[in-house]
1. Among Q195, Q178, which is under 25 Å from C430 (Cβ atoms), assigned by TED's automatic domain parsing to the domain that holds R369 and not in a loop (DSSP other than H, G, I, E, B)?
2. From the list V4, V80, exactly one residue is touching a strand residue (DSSP E or B) at 6+ places or on another chain (Cβ under 6 Å) and β-branched (V, I, T). Which is it?
3. Could you tell me which residue of the stretch 219-245 is surrounded by the fewest Cβ atoms within 10 Å (Cβ to Cβ), considering only residues that are in contact (Cβ under 8 Å) with a residue 24 or more places away in the chain and over 30 Å from I503 (Cβ atoms)?
4. Any residue that is under 21 Å from T348 (Cβ atoms) and β-branched (V, I, T) - is there at least one of those in the stretch 202-219?
5. Quick check on the stretch 482-494: of everything there that is loosely packed, with under 14 Cβ neighbours inside 10 Å and touching a residue at least 12 places away in the same chain (Cβ under 8 Å), which residue is nearest to P275 (Cα to Cα)?
6. Out of all the residues in the stretch 23-55, which are over 30 Å from I244 (Cβ atoms) and surrounded by 22 or more Cβ atoms within 10 Å (Cβ to Cβ)?
7. Can you find a residue in the stretch 343-354 that is in contact with a strand residue (DSSP E or B) (Cβ under 6 Å, 6 or more places away or on another chain), at positive phi, at pLDDT 95 or above and of a type outside the set (K, R)?
8. If you check R461, R447, which single one turns out to be farther than 18 Å from F229 by Cα and surrounded by fewer than 18 Cβ atoms within 10 Å (Cβ to Cβ)?
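The values are calculated or read from the model by the stated rules, or taken from the named source; none is laboratory data. These numbers come from a predicted model, not from an experiment. Ideal geometry is used to build each Cβ from the backbone, glycine not excepted, and the neighbour counts take in all protein chains shown.
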Amino acid sequence: MSMVQTDYIVIGSGIAGLTTALSLGRTGHVMILTKAKQEESNSWRAQGGIAAAVGEDDSPILHQEDTLRTGVGLCNVESVNMLVQMGPNTIDKLSEWGTRFDRSDDGWSLGREGSHSVSRILHVTGDSTGAGITSSLLEKVHEQSNIQLHPHTVVQELIVRNGICHGVIMMDAERKQQVLTARKGVILATGGCGQVFRYTTNDLVTTGDGFALAHRAGAKLVDMEFIQFHPTALAVEQNPMFLISEAVRGEGAFLVNDLGEKFMKRYHDWEDLAPRDVVSRSIYTEMQQGRSIYLDATGIGDSFPERFPKIFRHCMKHGIDPRTDLIPVTPATHFIMGGIQTDLDGRTNIERLFACGEVACTGVHGANRLASNSLLEGAVFAQRVADSVSALPDLLMQEINFPEYVHDYTDPEQAKIWKNEIREIMWDHCGIVRNRERLETGLVHIRQLRDKIERGFFECRNMLITAQIILESALAREESRGGHYREDFPETKDKWAEKHHVI
């Protein structure tokens, strides 16, 4: 196996990875590794927007209060304070790097989403915020001669010796294995794990690789039971499912069942703009009673195509005109609040290994993420990671014996079968509403499947590891809080308020 050395290794090409790379580019050579096309990420797919206290009627304190309330007592207050205080300057930086946020005559064009007390959601071209930000960042990355982006590159293992991360073993686009070492550090920005579940809005690449890589290397993972299910994916059989942004409800759309009832008033005082976990469980409850669920956006009328052009085009593609028709919706897996445990600078318990974005758990989201805080988190903590890792002295490379790793799978059809099995198990046994019996049964099925999946099926094994960790974490938390709901323990218990389950 050949060996290449660089200053920084960044794994992932979403907003967290790209912001990290651009922030590091002035201090050394950066190699970005991403396992598919450069634009394939959850960041690219993000519709609604990015939250920041930039409005005249807003403040970081108010943004903090909304974030803490939504996190149901499990947020790290220091992390949340960092997020909201750095938010406005981060928007300015993204703008400087080329993101063209929508504007009105009065300044920023700001939308409203669930659990936000004021309008603070910035967006790009209405409902293409993620694509707008990441495309600008990618363009900036390609302008930098000391940043190299390698698509279709699979990271198979992290190289950790004596508690220090030296680099990675990877397979490049030509399926050749290579050792890549870092003088400064390795940054995981691999995103989430929505593809571990049958129904998800997540990109096909989000198979939990970062969690599994970190776990095998000995990094701590925390709060992995907290999964956010987005209430309004378009109810059309596809993978990934198309998201009907929460911003549509922010513009006045509301949920109805097939009896025409505006049912959310039965479940929460904030009705259709209640926290996502509440809305998702409310829809689930209605569906369990045999109801079909729709989003009524007809009140937005003729302005819908201009405000939500991407959603409009996709609905029309399926024969649904949001100006006149009800939009069929269903909950789908969307985001994980837990992840690799880090400090405020993205450090893990492994020296020289950092993490940021959805794969990391800084404690910002607690038990439930406030809408549109994810893109902000990725960009804010990426800057802090860059400051921290760039300040490190160069790592003196030791003589390390690198084992030959099994090559990636050669049977994609078998891989697809195993992936679908994992996804079915997780949706059926660890979905929106959980209980001990289903969780324990899910663990049995996952452990049985573990014995079947061969070592060379890297993506399948990463999904399996991540799925098992989520199941074990969900089984351990005997209460309901935020994105984790146990019907056998339906109450939120004070004694669990300070408990974080660490794997």
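1. From the options Q195, Q178, the qualifying one is Q195.
2. So the residue among V4, V80 that is touching a strand residue (DSSP E or B) at 6+ places or on another chain (Cβ under 6 Å) and β-branched (V, I, T) is V4.
3. Going through the qualifying residues, I end up with V236.
4. Yes, because at least one residue in the stretch 202-219 is under 21 Å from T348 (Cβ atoms) and β-branched (V, I, T).
5. So the residue we want is E491.
6. L24, V30, M31, I32, L33
7. Checked the stretch 343-354: at least one residue is in contact with a strand residue (DSSP E or B) (Cβ under 6 Å, 6 or more places away or on another chain), at positive phi, at pLDDT 95 or above and of a type outside the set (K, R).
8. Of R461, R447, the one residue that is farther than 18 Å from F229 by Cα and surrounded by fewer than 18 Cβ atoms within 10 Å (Cβ to Cβ) is R447.
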